[in-house]
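Beneath this line is the structure, given in structure tokens, with notes to follow.
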Amino acid sequence: MAQQISIGIAGAGIGGLAAAALLAGEGHRVTLFDQFEAAGPVGSGLMLQETGLAVLGAMGLRAQTEALGTPIARLHGISVDTGRAVLDVRYGALREGLAGLGIQRAALFGLLQEAAVTAGARLVPATRMISADAGAGTLTDAGGGLHGPYDLVIDALGVRSPLSSAPREELAYGALWATLPWPATSAFDRAALEQRYEAARKMAGVMPSGRAAAGAPDSLTYFWSIRADQYEAFRATPLSHWKDAACHLWPETEALLHQITDHDQLTFARYRHRTHPRAVEGRLVHIGDAWHAASPQLGQGANMALLDAYALAHALHGEARIAAALRRFLKIRAGHVRLYQLMTWAFTPVYQSDGALTPWLRDRLAAPMLRLWPAPPLLAGLVAGGFGAPLKKMALKAEC
């Protein structure tokens, strides 16, 4: 951009921090607001795909990120009803050396926060934004304080952002998540995200999630599918009842479950599916889950937020008119967002739903189809996030 502009960002999550680091690094005056006294991550482990890793590479953070994460070469899920593999994604089927990366959310958050501060972004804590004036470029906090005007306002407040529309679809299922030390002896594959299913009503998963800091012990993230309307009953019931059901589904996880001694060790994540109808409104732009929220079935959430942040910085670079830059941002991102929203919406009931027919068909058709060409490279490409050529549109190169 020919001149520096003032930018207000609401929300210090993955997308907000990445946008702050990238835009402040371009010389813009960036103020980042977060509702907490000290900004911090919400949630457990996550998966980075090649798309997200490429963005981190452009930010100079890829090597540090990979040092804290664990490479994941395969996603593998088995139906306990039939003993058949109903999920089998091997990244190497698309390209040798390709892999996802399991990482603790806190570790990625720390890297991005340091990058934002180092780039010159100003972080303002304990300020909860409740509204924005897209025309004036202002933000209003919960105490009635007015912030701005800014040349550009970025909504990175996530799926429950008061600056964007309410989710049209509250998904019936969510999940309980916990990050745990990797057991000294275990049967889990250190290079795979593994899952077990009973129909689509029960699901448990184990994902390698790296380490909190250099030299720290390896960790894994355990997750358990649960209906949102059953969460309060889960909280009110002795933990042993849930552990019995979890062990019955996947006996090998017993060693992990022994580490969980309190309900509060399990973070509940409610899944929502929503695409805000207008990603750009005047001086206001929505990114990440504030624009496009979905269940994590394809492991795209953090990656899509990183892509949005990079695309926005890329669109603003060298463009003197903010409105033109925002149109360019939409041209870069809209097609990729629509495709992955559709694919996630289609995949979710296959693995999380109360239906009987869908999992029955999955158990009988998935196993042979997963082995037939071109399914292996197509599935790997889908999960890696490369469909829709998001990196080519930003002249951003991926690495093997």
task = Pull up the range 258-276, narrow it to residues that are part of a loop (DSSP other than H, G, I, E, B) and among the hydrophobic types (A, V, I, L, M, F, W, C), then point me to the one that is farthest from residue 185 (Cα to Cα).
result = 266
ask   = Does residue 126 count as small (Gly, Ala, Ser) and either closer than 18 Å to residue 35 by Cβ or within 25 Å of the chain's Cα centre (by Cα) (or both)?
value = yes
query = What residue, among those in the range 252-300 that are touching an Asp or Glu at 6+ places or on another chain (Cβ under 9 Å) and at positive phi, is surrounded by the most Cβ atoms within 10 Å (Cβ to Cβ)?
reply = 288
query = Out of curiosity, is residue 31 at pLDDT 95 or above, crowded, with 19+ Cβ neighbours inside 10 Å, part of a helix (DSSP H, G or I) and of a type in the set (S, T, N, Q)?
reply = no
query = Out of curiosity, is residue 83 part of a strand (DSSP E or B) and of a type in the set (Gly, Ala, Ser)?
reply = no
task = Read through the list (1) more than 16 Å from residue 154 (Cα to Cα); (2) touching a Gly at 6+ places or on another chain (Cβ under 8 Å); (3) part of a helix (DSSP H, G or I), then give the number of the only condition that residue 299 fails.
result = (3)
inquiry  = For the structure I just gave you, tell me whether residue 95 is over 30 Å from residue 368 (Cβ atoms) and surrounded by fewer than 19 Cβ atoms within 10 Å (Cβ to Cβ).
reply    = no
ask   = How many of the residues making up the range 47-64 are closer than 24 Å to residue 267 by Cβ and either at pLDDT below 95 or over 15 Å from the mean Cα position of the chain (by Cα) (or both)?
value = 0
Selection from the range 116-142 of residues that are in contact with a strand residue (DSSP E or B) (Cβ under 7 Å, 6 or more places away or on another chain) and among the hydroxyl-bearing types (Ser, Thr, Tyr) = 127, 131, 138, 140
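The values are calculated or read from the model by the stated rules, or taken from the named source; none is laboratory data. Every value quoted in this text rests on a predicted model; they were computed, and no experiment measured them. With ideal geometry, Cβ positions are generated from the backbone for all residues, glycine too; neighbour counts draw on all protein chains shown.
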